[in-house]
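Contents: one structure, followed by commentary.
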Amino acid sequence: MGATVDYEAEIRALKRSMNAVILAHYYQESEVQDVADFVGDSLALAQAAEKTDADVIVFCGVHFMAETAKILNPSRQVLLPDLKAGCSLSDRCPPAAFKAFKEKHPGAFVVSYVNSSAAVKAMSDVICTSSNAVKIVNQIPRDRSILFAPDQHLGRHVMKQTGRDMVLWPGSCIVHEIFSEKKLVQLKVEHPDAEVVAHPECEQQVLRHADFIGSTKALLDYVVKSPKSKFIVVTEAGILHQMKKGAPDKTYIPAPPDNGCACNECPYMRLNTLEKLYRCMRDRTPELVLPADLQGAALAPLKRMLEWSV
Ligand code: 13P
Ligand code: SF4
């Protein structure tokens, strides 16, 4: 039997020797979150990637997040523990089909959710995340028609919040679209003292039962600050780790999906493990590499998002 590796200790040592920063999303498994230098939502991770002066960005999240980091800070090496960590929203919005969608609506202002490929971003006027989507759409001149891709549920939520009409790409997140309204209502009946917090990628029939809707970071801040002590959490279960750390005495009930599982995990996010994180740092692979022209073309709409977010 070979000696067991203390992944956490090895990762911390590699971090120092490589001058690396580990950025992790809230949907990563707890061990990965605990070894990261920074845990955040898509916007906070993009901002952290842009401003870091570390030589290497190790991105524990999904592919589009690592791409965003590379576009915003191209002189850094960007590593991703598993290159196959995609996203249903991004994967189901192929650039050629998106181009055709745009061509059907000439003159429209194009807003793409950050959960999209670099090629789709490059064809967009501005990018948004779940935490700034309302703010971004509110800044688009009133006389412009708007295309919004690829998450139709976030798009509908933004339309409600802003009063703007938008043409929506018919995409959805496989994790958030399978929460069961019926099971959620049952849970509310069982726990009348609980507040429901939900991510805007959920369907409207689920969101209408929510007391608070927001990005992962907004949900975390909300439950920590709220005077309430019990929450039904309608998003990927990884967020519960930071909720328990931020307010350990409160009760968190993950909302059940419409299948046999008790809670909902993103199969793409969960491809990253502590062992893969260690190996990718040790071997400096897989590395996220993008063609320079694509990198350049996707930068302007991302920069515009950061400017419009302050
Ligand atoms: P946040 O930006 O809210 O963290 O969302 C990212 C994501 O992929 C949600 O499914
Ligand atoms: Fe994509 Fe959904 Fe996974 Fe987020 S939770 S990375 S939107 S598949």
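For the reader, a short list of remarks on this structure follows.
- Cβ-defined net charge surrounding Ser75, 15 Å radius [Lys, Arg +1; Asp, Glu -1]: -1
- Highest to lowest packing among 209-216, 138-145, 289-296, scored as the average C-beta count within 10 Å: 209-216, 289-296, 138-145
- Approximate spin-label separation Leu271-Leu306, in nm, with each point projected 7 Å along Cα-to-Cβ: 2.6
- In plain terms, the residue of His157, His105, His199 with the fewest other Cβ atoms within 10 Å comes first and the most crowded comes last, giving His105, His157, His199.
- Local electrostatic count at Asn19 - Lys and Arg +1, Asp and Glu -1, tallied over other residues with Cβ under 12 Å: 0
- Ellipticity at 222 nm from helices only: DSSP H runs of n ≥ 4 in the chain, each -39500 (n - 2.57), divided by the residue count, give -12000 deg cm²/dmol.
- Shown is the FRET efficiency for Lys245 and Val5, computed with R0 = 35 Å from the Cβ-Cβ distance and rounded to the nearest 0.05: 0.85.
- Site pair Asn19 and Lys188 shows an inter-label distance of 5.3 nm when each label is modelled 7 Å from Cα along Cα→Cβ.
- Between the residues Cys280, Gly296, Val58, the greatest Cα displacement towards the positive end of the dipole of the chain, with unit charges on the Cβ of Lys, Arg, Asp and Glu, is found for Gly296.
- Summing Cβ point charges (Lys, Arg +1; Asp, Glu -1) relative to the Cα centre of segment 251-310 gives a dipole of roughly 180 debye.
- Highest average packing first - 269-277, 187-195, 14-22, 38-46, Cβ atoms within 10 Å: 38-46, 269-277, 14-22, 187-195
- In a fully extended conformation the segment linking Lys230 and Asp258 would gain 7.9 nm over its present Cα-Cα distance, using 0.36 nm per residue.
- Sequence-distant contacts, meaning Cα pairs under 8 Å at least 6 residues apart, place the relative contact order of the chain at 22 percent.
- With the charge dipole of the chain set up from +1 on Lys and Arg Cβ and -1 on Asp and Glu Cβ about the Cα centre, the Cα lying farthest toward the positive end among the listed residues Phe179, Met159, Trp169 is that of Met159.
- Distance in nm between pseudo-label sites at Asp53 and Glu103 (7 Å out along the Cβ direction from Cα): 4.7
The numbers here are math on the coordinates, done by the rules we state, and not lab data. Every value quoted in this text rests on a predicted model; they were computed, and no experiment measured them. Glycine also receives a Cβ, built like all others from the backbone with ideal geometry; neighbour counts cover every protein chain displayed.
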